[in-house]
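**Q** Take a look at this one; I'll ask things after.
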Amino acid sequence: TAPATWSSVRARRDAAMGGPVAPLFYDEPLEIVSGAGAWLTSSDGTRYLDAYNNVAVVGHADPTVANRVARQLRTVNTHSRYLHPEVVELAERLVATMPPELDTVLFTTSGTEANEVAWRLATERTGGSGALVVEHSYHGSTKWMADLSSNEWPPGHQPSAVGRFHAPRGGADPSASIADAAVTLAEHGHRPALLLADSGFTSEGVHDAPASYFAGLRDAAHAAGALFLADEVQVGYGRTGPLMWRFMQSRVVPDLVTIGKPMGAGYPMGAVITRREHVDRFATHYEYFSTFAATPAAAAAGNAVLDVLSDRALPARALVTGEHLVSRLRTLAASTDVLGEVRGTGLVVGVDVVSRPVARQLLQALVRAGALAGLTGPGGTVLKVRPPLVWDENHVDHFVACLTRALDQVAAG
Ligand code: PMP
């Protein structure tokens, strides 16, 4: 057979995998063939600085992770109904990163599944059937999670069991907006079971919520009879540093926390971490089982990721590197009308771009300049920078140089 070329792989993918239903990034999708640390290489030999991937939180192709997973795969890998010390070790280590009230882990295979399990726990615990979500939120791809993801709703469509409230704006208290959303739910015959929020409000455009906003979320959830879930799937794992979880900066303890993406460095993993009482309540009616959730090899990946994070002190480094990133981006933004406000903590940063067409042009120009980023927020007008945590100040400077070249290209038309 002929060697696979970029265009033949793309045509075969569109034919076999449905094209538009599962879009790829960038006008000319990249065929990534290898990675190392903060760098990715495509099939034509071009190296890109990765400013986007949080799955590779400890860097691409990390040898500690690869070796530990390979060793486990060569020994045994089973479904999750046998005892295995690697799995228990991961559960204990995750619990140790949380406030003491959050003492029980249920493993899943994705962020979506973690949120689904949390949703089941909450409906069972509260007897409610509705949810309260932030505008422009994203929580997953199943039917329920798509309903709870206001960013995914087709125009004019709002599921009747879901009420939507405002994202943090200038430190405003969310309670009035949440109370309005609860009234809408009641009109449709639903009591709220769960209020959920991405702690970094990433899909919402990256917002730094003050501690008072998190307290407002928790208090409003409890006043409505609902549990409060901090979705750390995207911003967790030390990204906002120096702590492991973004919600911990607020000192507010959620009822449930969901985690995922970086957890297995690409090995599919997620988890719900919650109070024992919620799990015990669920267990009066149900068992929970998911075949691939924390198999021994997945747990090996999970433990190796935690090892690398702590051995290299990546969460503390993310905070420092992020400060340099925000400061350099603010200086750059002040020099052009194309960029506006720069927001974010640690290594999750959003930059407002003047319009959607310009944001798209800028993203493509950035790829051509050698750096991979993404767009988020309402209308896709926020440039999202969310790199592996192995970034240091040199990576920031290289990224800003690429972005400067991309801005020049956009200005030149
Ligand atoms: N919650 C948040 C905040 C996310 O960003 C995502 C993924 N983008 C999910 C949940 C769903 O995770 P997964 O794609 O692993 O199902």
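**Q** Quick check on the stretch 302-311. Is at least one of its residues of a type in the set (G, A, S), more than 26 Å from S42 (Cα to Cα) and in a loop (DSSP other than H, G, I, E, B)?
**A** No: zero hits.
**Q** Identify the single condition in (1) surrounded by fewer than 24 Cβ atoms within 10 Å (Cβ to Cβ); (2) free of Cβ contacts under 8 Å to residues at least 60 places away in the same chain; (3) assigned to a helix (DSSP H, G or I) that M263 does not satisfy, given that it satisfies every other one.
**A** All conditions are met except number (1).
**Q** Hey, V57 hits all of (1) out of contact with any Asp or Glu (no Cβ under 9 Å at 6 or more places or on another chain); (2) more than 30 Å from N394 (Cα to Cα); (3) β-branched (V, I, T) but one; which does it fall short on?
**A** Only one criterion in (1) out of contact with any Asp or Glu (no Cβ under 9 Å at 6 or more places or on another chain); (2) more than 30 Å from N394 (Cα to Cα); (3) β-branched (V, I, T) is unmet by V57, namely (2).
**Q** Here's another thing I want to ask about it. Go through (1) surrounded by fewer than 24 Cβ atoms within 10 Å (Cβ to Cβ); (2) over 23 Å from E116 (Cβ atoms); (3) touching a residue at least 12 places away in the same chain (Cβ under 8 Å) and name the single condition T240 misses.
**A** T240 satisfies all of (1) surrounded by fewer than 24 Cβ atoms within 10 Å (Cβ to Cβ); (2) over 23 Å from E116 (Cβ atoms); (3) touching a residue at least 12 places away in the same chain (Cβ under 8 Å) except (1).
**Q** Look through the stretch 324-375, keep the residues that are in a loop (DSSP other than H, G, I, E, B) and crowded, with 23+ Cβ neighbours inside 10 Å, and return whichever of them is nearest to the chain's Cα centre (by Cα). If you could, list the steps in order and put the result at the bottom.
**A** In the first step, residues of the stretch 324-375 are kept if they are in a loop (DSSP other than H, G, I, E, B); the result is 335-338, 346-347, 354-355, 370, 373.
Next, from what is left, pick out any that are crowded, with 23+ Cβ neighbours inside 10 Å: 346-347, 373.
Working: G346: 14, L347: 12, A373: 14 Å.
So, considering only residues that are in a loop (DSSP other than H, G, I, E, B) and crowded, with 23+ Cβ neighbours inside 10 Å, the one nearest to the chain's Cα centre (by Cα) is L347.
**Q** While we're on this one: Take T75 and decide whether it is of a type in the set (S, T, N, Q) and closer than 17 Å to Q364 by Cβ.
**A** no
**Q** Output the residues belonging to the stretch 65-82 that are modelled with pLDDT of 95 or more, buried (at least 17 other Cβ atoms within 10 Å of the Cβ) and under 26 Å from the mean Cα position of the chain (by Cα).
**A** Correct list: V65, R68, V69.
**Q** Could I ask something else about it? Looking at G170, G156 in this structure, which one is out of contact with any Leu (no Cβ under 6 Å at 6 or more places or on another chain), farther than 19 Å from G216 by Cα and away from the ligand (no atom under 16 Å from the Cβ)?
**A** G156
**Q** Of the conditions (1) within 16 Å of the ligand (Cβ to nearest atom); (2) free of Cβ contacts under 8 Å to residues at least 60 places away in the same chain, A215 fails just one. Which one is it?
**A** All conditions pass for A215, except number (1).
**Q** Go through the stretch 147-176 and give me each residue that's aliphatic (A, V, I, L, M) and surrounded by fewer than 17 Cβ atoms within 10 Å (Cβ to Cβ).
**A** A172, A176
**Q** Collect the residues in the stretch 378-413 that are within 23 Å of P29 (Cβ to Cβ) and crowded, with 24+ Cβ neighbours inside 10 Å, keeping them in residue-number order.
**A** Scanning the stretch 378-413 gives V382, L383, V385, R386, P387, P388, F399, L403, A406.
**Q** Looking at the stretch 178-207, which of the residues that are away from the ligand (no atom under 16 Å from the Cβ) and either touching a Lys or Arg at 6+ places or on another chain (Cβ under 9 Å) or under 25 Å from G380 (Cα atoms) (or both) is modelled with the highest pLDDT?
**A** Checked the stretch 178-207; the qualifying residue modelled with the highest pLDDT is A193.
**Q** From the list A181, A193, A131, A209, exactly one residue is surrounded by 20 or more Cβ atoms within 10 Å (Cβ to Cβ) and in a helix (DSSP H, G or I). Which is it?
**A** Matching residue, one of A181, A193, A131, A209: A181.
**Q** What pairs come up if the first residue lies in the stretch 100-126 and is within 14 Å of V279 (Cβ to Cβ), the second is within 12 Å of the ligand (Cβ to nearest atom) and in a loop (DSSP other than H, G, I, E, B), and their beta carbons are under 6 Å apart, counting only those six or more places apart or on different chains?
**A** From residues that are within 14 Å of V279 (Cβ to Cβ), the pairs are A114/G260.
**Q** Pick out the one residue from A271, A220 that is within 14 Å of the ligand (Cβ to nearest atom) and either touching a residue at least 40 places away in the same chain (Cβ under 8 Å) or crowded, with 24+ Cβ neighbours inside 10 Å (or both).
**A** It is A271.
**Q** In the stretch 301-345, what residues are among the polar types (S, T, N, Q) and closer than 16 Å to G238 by Cβ?
**A** N303, S310, T321, T345
**Q** In the stretch 223-244, how many residues are away from the ligand (no atom under 13 Å from the Cβ) and under 28 Å from G302 (Cα atoms)?
**A** 8
The values are calculated or read from the model by the stated rules, or taken from the named source; none is laboratory data. Note that the structure is predicted; figures quoted are calculated from it, not measured. Counting neighbours? That spans all protein chains shown, and the Cβs are built from the backbone with ideal geometry, glycine included.
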